[in-house]
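Participant: Okay, handing you the structure first.
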Amino acid sequence: MTFLDHLGELRTRLIRCLWAIGICAGIACYFSPQLFHWLMVPVLSALPENARKLHPTAVMEKFTVYLKVGLYGGIFLASPAILYQLWKFIAPALYQKEKKLVFPFVATGTVFFLGGAIFCYYIVLPAALDYLIGVGSFEDSSWIEPWLSMGDQLSFVLALELAFGFIFEMPLIITALAMFGLVDGTWLAKNRRYAILANTIAAAIITPTGDPLNLAIMAVPMCLMYEVGIWGARIFGKPKITVAPG
C-alpha cells in the first residue's frame, strides 16, 4: 500500500469508530441520569452525611453533564469496535497466522480497558477522594462545608477512569510492538528498572494527590502491567529489528 492508501485506510477505520461511538453514545444518553449517579457514588460517599449533594452552577450544566456522560459511555461501550478497527488497520503488516488473533486481541483489550476503569472506580477513587475531601479534617473545619459542582466532579472522575483504562492497555500495546519486532521480552526485562522509574514519574504526574498511598495505588498497577507486557512480548513477539551500522 502507498502512503495515500494508508491514509485512506486510516480514514475509513476512524469513520467506522465514530459511527460505533455515535450509536453507543445514543444508547448511553438514554441512561445518562442513572450512569451519572453511579459515577458519583464514590464522590458522595466521601462527603459528610449532611452534605452529600452535587450542585449545577449554570443553567446548562445539568444538560451538558448528561450529554458528556452519554458521550463517554458511548466510548466505553464502543471499545470492542474501536479495538477491532485498530486491529484491521495494523493487520496487513502481520503474518497470516497472526491475523487470526483478532478475537483474542479485541477480547483482551476490552477486558483490560474495562478492568482498569473498574479498578479505578472501586480502589483509586475512594482512596483519592477520602484524602482530598478530608484534607484539614484535623483542624476546626466546622465553618467549612463542601459545595461541589456536577461538572467539575464528573470531569475529575472521567479523567481518572480513562487514565486507568489506558494504563491497563499497556500489556496489549507492548505485545503489539513485539509482534512488529520493535521490542522483545529480553530487552524489556533488561530495561525494567528504567520502566519502573518512568512509571513512578508518570504516576506522580497523573495522580490527583501527592500522598504516597495514592501514588503507590497508581504506580504499582502500571509496573504490573509492564510485567504482563513482558510475558506477552515473549510469547507473541518476533525477533527485535536491529539496524546495521553504516
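Participant: Test each condition in (1) touching a residue at least 24 places away in the same chain (Cβ under 8 Å); (2) part of a helix (DSSP H, G or I); (3) out of contact with any Pro (no Cβ under 7 Å at 6 or more places or on another chain) for residue 42 and report the one that comes out false.
Facilitator: Here residue 42 meets the rest and fails (3).
Participant: Filter the range 15-39 down to residues that are within 22 Å of the chain's Cα centre (by Cα) and touching a residue at least 12 places away in the same chain (Cβ under 8 Å), then give me how many there are.
Facilitator: Residues meeting the conditions: 17.
Participant: While we're here: Does residue 67 fit the bill of being of a type outside the set (D, E, K, R), at pLDDT 90 or above and farther than 30 Å from residue 224 by Cβ?
Facilitator: Yes, satisfied.
Participant: Inspect the range 58-70 for any residue being of a type outside the set (Lys, Arg), crowded, with 19+ Cβ neighbours inside 10 Å, within 18 Å of the chain's Cα centre (by Cα) and part of a helix (DSSP H, G or I) and give the result as yes or no.
Facilitator: Yes, because at least one residue in the range 58-70 is of a type outside the set (Lys, Arg), crowded, with 19+ Cβ neighbours inside 10 Å, within 18 Å of the chain's Cα centre (by Cα) and part of a helix (DSSP H, G or I).
Participant: Considering only the range 78-128, state which residues are closer than 15 Å to residue 16 by Cβ and open to solvent by 60 Å² or more (accessible area, probe 1.4 Å).
Facilitator: The answer is 84, 86, 88, 89.
Participant: How many residues does the range 31-58 contain that are modelled with pLDDT of 90 or more and β-branched (Val, Ile, Thr)?
Facilitator: 2
Participant: Moving on to the next point. Restrict the check to the range 144-151 and report whether at least one residue is modelled with pLDDT of 90 or more, in a helix (DSSP H, G or I) and surrounded by 15 or more Cβ atoms within 10 Å (Cβ to Cβ).
Facilitator: Yes, the conditions are met somewhere in the range 144-151.
Participant: I'd like to know if the range 162-181 contains one or more residues that are open to solvent by less than 30 Å² (accessible area, probe 1.4 Å), more than 19 Å from residue 237 (Cβ to Cβ), part of a loop (DSSP other than H, G, I, E, B) and at pLDDT 85 or above.
Facilitator: Yes: one or more hits.
Participant: For the range 45-57, how many residues are surrounded by 13 or more Cβ atoms within 10 Å (Cβ to Cβ) and of a type in the set (D, E, K, R)?
Facilitator: Residues in the range 45-57 being surrounded by 13 or more Cβ atoms within 10 Å (Cβ to Cβ) and of a type in the set (D, E, K, R): 1 in total.
Participant: Next question. Limited to the range 48-84, what total is found for residues that are within 13 Å of residue 152 (Cβ to Cβ) and among the hydroxyl-bearing types (Ser, Thr, Tyr)?
Facilitator: Summing the residues that are within 13 Å of residue 152 (Cβ to Cβ) and among the hydroxyl-bearing types (Ser, Thr, Tyr) in the range 48-84 gives 2.
Participant: Would you please name the residue that is nearest to residue 132 (Cα to Cα), looking only at residues in the range 30-44 that are open to solvent by less than 50 Å² (accessible area, probe 1.4 Å) and touching a Phe, Trp or Tyr at 6+ places or on another chain (Cβ under 9 Å)?
Facilitator: Among those that are open to solvent by less than 50 Å² (accessible area, probe 1.4 Å) and touching a Phe, Trp or Tyr at 6+ places or on another chain (Cβ under 9 Å), it is 43.
Participant: Scan the range 124-139 for residues that are part of a helix (DSSP H, G or I) and either modelled with pLDDT under 80 or among the acidic types (Asp, Glu) (or both) and jot them down.
Facilitator: Within the range 124-139, 130, 131, 132, 133 meet the criteria.
Participant: Same structure, new question: Being at pLDDT below 65 and open to solvent by less than 100 Å² (accessible area, probe 1.4 Å) is the filter; apply it to the range 212-246 and report the residue that is nearest to residue 118 (Cα to Cα).
Facilitator: Per the criteria, the residue is 240.
Participant: So which residues in the range 187-202 are touching a residue at least 24 places away in the same chain (Cβ under 8 Å), open to solvent by 60 Å² or more (accessible area, probe 1.4 Å) and either of a type outside the set (D, E, K, R) or not in a helix (DSSP H, G or I) (or both), if there are any at all?
Facilitator: 187, 196
The values are calculated or read from the model by the stated rules, or taken from the named source; none is laboratory data. Every value quoted in this text rests on a predicted model; they were computed, and no experiment measured them. Methodologically, a virtual Cβ is constructed for each residue, glycine included, from the backbone with ideal geometry; neighbour enumeration extends over all protein chains shown. Keep in mind that these areas ignore ligands, DNA and RNA; they rest on the heavy atoms of the full protein, side chains included. Shrake-Rupley method; radii C 1.70, N 1.55, O 1.52, S 1.80 Å.
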